[in-house]
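What follows is one structure encoded as C-alpha coordinates, with my remarks underneath.
The values are calculated or read from the model by the stated rules, or taken from the named source; none is laboratory data. All values derive from a computational prediction rather than experimental measurement. Here Cβ is always computed from backbone atoms with ideal geometry, including for glycine, and neighbour counts include all displayed protein chains. Note: areas computed on protein heavy atoms with side chains; ligands, DNA, RNA excluded. Shrake-Rupley method; radii C 1.70, N 1.55, O 1.52, S 1.80 Å.
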Amino acid sequence: MKGRECLNCGFIEVSGGDICRKCDAVLLEQTDGSWAKIDIAHDQETVQQAAEKLEAAVKKHMAGYTRYLRVVIGRGKIQTAIWPHLSRLLKAGKIKSFEEEPQNPGALVVTLRD
Ligand SMILES: [Zn+2]
(Lines give C-alpha, C1' and ligand atoms only; values in the text may rest on other atoms or scores of the structure.)
Protein backbone atom coordinates (compact mmCIF):
# COMPACT_ATOMS: atom_id res chain seq x y z
CA MET A 1 0.00 0.00 0.00
CA LYS A 2 1.13 3.47 -0.95
CA GLY A 3 1.85 5.94 1.83
CA ARG A 4 -0.74 8.49 2.81
CA GLU A 5 0.45 11.99 3.47
CA CYS A 6 -0.82 13.58 6.65
CA LEU A 7 -2.32 16.94 5.65
CA ASN A 8 -1.71 18.21 9.14
CA CYS A 9 2.02 17.68 9.47
CA GLY A 10 3.24 16.33 6.12
CA PHE A 11 4.36 12.99 7.50
CA ILE A 12 3.98 10.11 5.05
CA GLU A 13 2.26 7.27 6.86
CA VAL A 14 3.15 4.04 5.10
CA SER A 15 1.94 1.54 7.67
CA GLY A 16 -1.60 1.75 6.34
CA GLY A 17 -2.78 2.80 9.77
CA ASP A 18 -5.60 5.26 10.32
CA ILE A 19 -3.71 7.53 12.67
CA CYS A 20 -0.66 9.65 11.84
CA ARG A 21 2.21 8.40 13.97
CA LYS A 22 3.73 11.85 14.11
CA CYS A 23 0.82 14.09 15.11
CA ASP A 24 -2.00 11.61 15.90
CA ALA A 25 -4.32 13.10 13.28
CA VAL A 26 -7.05 10.76 12.02
CA LEU A 27 -5.87 10.29 8.45
CA LEU A 28 -9.08 9.01 6.91
CA GLU A 29 -10.93 12.12 8.08
CA GLN A 30 -8.53 14.46 6.36
CA THR A 31 -9.83 16.13 3.22
CA ASP A 32 -8.67 18.75 0.79
CA GLY A 33 -12.32 19.74 0.26
CA SER A 34 -12.40 18.46 -3.29
CA TRP A 35 -15.31 17.08 -5.30
CA ALA A 36 -15.38 14.05 -7.51
CA LYS A 37 -18.04 12.83 -9.88
CA ILE A 38 -19.20 9.38 -10.89
CA ASP A 39 -21.94 8.27 -13.24
CA ILE A 40 -23.49 4.93 -12.34
CA ALA A 41 -26.55 5.03 -14.54
CA HIS A 42 -25.72 5.81 -18.15
CA ASP A 43 -23.78 2.76 -19.26
CA GLN A 44 -26.70 0.32 -19.10
CA GLU A 45 -25.72 -0.77 -15.62
CA THR A 46 -27.88 -3.16 -13.70
CA VAL A 47 -28.75 -2.13 -10.16
CA GLN A 48 -26.11 -4.55 -8.91
CA GLN A 49 -23.44 -3.07 -11.19
CA ALA A 50 -24.42 0.44 -10.18
CA ALA A 51 -24.08 -0.48 -6.51
CA GLU A 52 -20.67 -2.03 -7.14
CA LYS A 53 -19.50 1.06 -9.03
CA LEU A 54 -20.67 3.22 -6.18
CA GLU A 55 -18.86 1.14 -3.57
CA ALA A 56 -15.68 1.08 -5.63
CA ALA A 57 -15.80 4.86 -6.01
CA VAL A 58 -16.36 5.38 -2.28
CA LYS A 59 -13.41 3.11 -1.52
CA LYS A 60 -11.17 4.81 -4.06
CA HIS A 61 -11.99 8.31 -2.84
CA MET A 62 -11.67 7.36 0.82
CA ALA A 63 -8.11 6.34 -0.02
CA GLY A 64 -7.58 9.91 -1.22
CA TYR A 65 -8.80 13.21 0.19
CA THR A 66 -12.08 13.76 -1.60
CA ARG A 67 -14.79 15.42 0.44
CA TYR A 68 -17.87 15.10 -1.75
CA LEU A 69 -18.82 12.57 -4.35
CA ARG A 70 -21.44 13.61 -6.87
CA VAL A 71 -23.21 10.49 -8.05
CA VAL A 72 -25.24 10.64 -11.25
CA ILE A 73 -28.08 8.14 -10.83
CA GLY A 74 -30.28 9.09 -13.77
CA ARG A 75 -34.03 8.79 -13.71
CA GLY A 76 -34.47 5.08 -14.29
CA LYS A 77 -34.48 2.06 -11.98
CA ILE A 78 -31.15 2.89 -10.39
CA GLN A 79 -32.45 6.21 -9.15
CA THR A 80 -34.61 4.60 -6.49
CA ALA A 81 -32.82 1.26 -6.13
CA ILE A 82 -29.54 2.83 -5.04
CA TRP A 83 -30.93 4.38 -1.85
CA PRO A 84 -30.85 1.19 0.25
CA HIS A 85 -27.20 0.71 -0.77
CA LEU A 86 -26.39 4.22 0.37
CA SER A 87 -28.24 3.63 3.64
CA ARG A 88 -26.11 0.56 4.18
CA LEU A 89 -22.88 2.48 3.51
CA LEU A 90 -24.07 5.14 5.93
CA LYS A 91 -24.87 2.60 8.66
CA ALA A 92 -21.49 0.95 8.10
CA GLY A 93 -19.84 4.34 8.64
CA LYS A 94 -18.34 4.38 5.15
CA ILE A 95 -19.96 7.67 4.22
CA LYS A 96 -21.09 10.61 6.34
CA SER A 97 -24.31 11.50 4.58
CA PHE A 98 -26.08 11.62 1.24
CA GLU A 99 -28.81 13.68 -0.29
CA GLU A 100 -30.50 14.41 -3.55
CA GLU A 101 -28.83 17.19 -5.44
CA PRO A 102 -30.93 20.35 -5.15
CA GLN A 103 -33.18 20.77 -8.20
CA ASN A 104 -31.80 17.57 -9.72
CA PRO A 105 -33.33 14.24 -8.67
CA GLY A 106 -31.04 12.49 -11.19
CA ALA A 107 -28.01 13.03 -8.99
CA LEU A 108 -26.93 12.63 -5.39
CA VAL A 109 -24.30 14.29 -3.32
CA VAL A 110 -22.48 11.90 -0.99
CA THR A 111 -20.43 13.45 1.78
CA LEU A 112 -17.42 11.26 2.46
CA ARG A 113 -15.88 13.43 5.13
CA ASP A 114 -17.13 16.38 7.17
ZN1 LIG B 1 0.46 14.14 11.02
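Which angle between 0 and 90 degrees, to the nearest 10, do you get for helix 77-91 versus the longest principal axis of the chain when only C-alpha atoms count? Long axis of 77-91 versus the principal axis of the chain: about 30 degrees. To test your reading of the geometry: what angle, between 0 and 90 degrees and rounded to tens, separates the Cα axis of helix 47-62 from the longest principal axis of the chain? Tilt relative to the chain: about 20 degrees. Were the residues from HIS42 through ASP24 laid out at 0.36 nm apart, the gain over their Cα-Cα distance would be 2.3 nm.
My understanding is that a pair violates if its Cα-Cα distance is over 23 Å; which of LYS37/LYS94; LYS2/LYS91; LYS22/LYS59; LYS22/LYS60 do that in this structure?
On the way: LYS37/LYS94 17 Å; LYS2/LYS91 28 Å; LYS22/LYS59 25 Å; LYS22/LYS60 25 Å.
The pairs that break the limit, which is 23 Å between Cα atoms, are LYS2/LYS91; LYS22/LYS59; LYS22/LYS60.
Size of the dipole of the chain about the Cα centre, Lys and Arg at +1 and Asp and Glu at -1 on the beta carbon, nothing else charged, in debye to 20?
Dipole magnitude for the chain comes out near 160 debye.
With contacts taken as Cα pairs under 8 Å and at least 6 residues apart, the chain reaches a relative contact order of 23 percent. Restricting attention to the chain, close to 70% of DSSP beta bridges with both partner residues there are antiparallel.
Using a 1.4 angstrom probe with every protein chain in place, what is the largest-first accessible-area order of LYS59, LYS77?
Working: LYS59 155, LYS77 130 Å².
From most exposed to least exposed: LYS59, LYS77.
In the neighborhood of LEU108, defined by Cβ-to-Cβ distances under 12 Å, what is the net charge if each Lys or Arg adds +1 and each Asp or Glu adds -1? Show your work: numbers first, answer last.
Values: positive: LYS37, ARG70; negative: ASP39, GLU99, GLU100, GLU101.
Here the count lands on -2.
What number does the chain give for Rg over Rh if you use C-alpha atoms and the Kirkwood radius?
Details: Rg = 15.4 Å, Rh = 14.9 Å.
Here Rg/Rh amounts to 1.03.
Estimated at 0.36 nm per residue, the fully extended path between THR80 and ASN8 surpasses their Cα-Cα distance by 22.0 nm.
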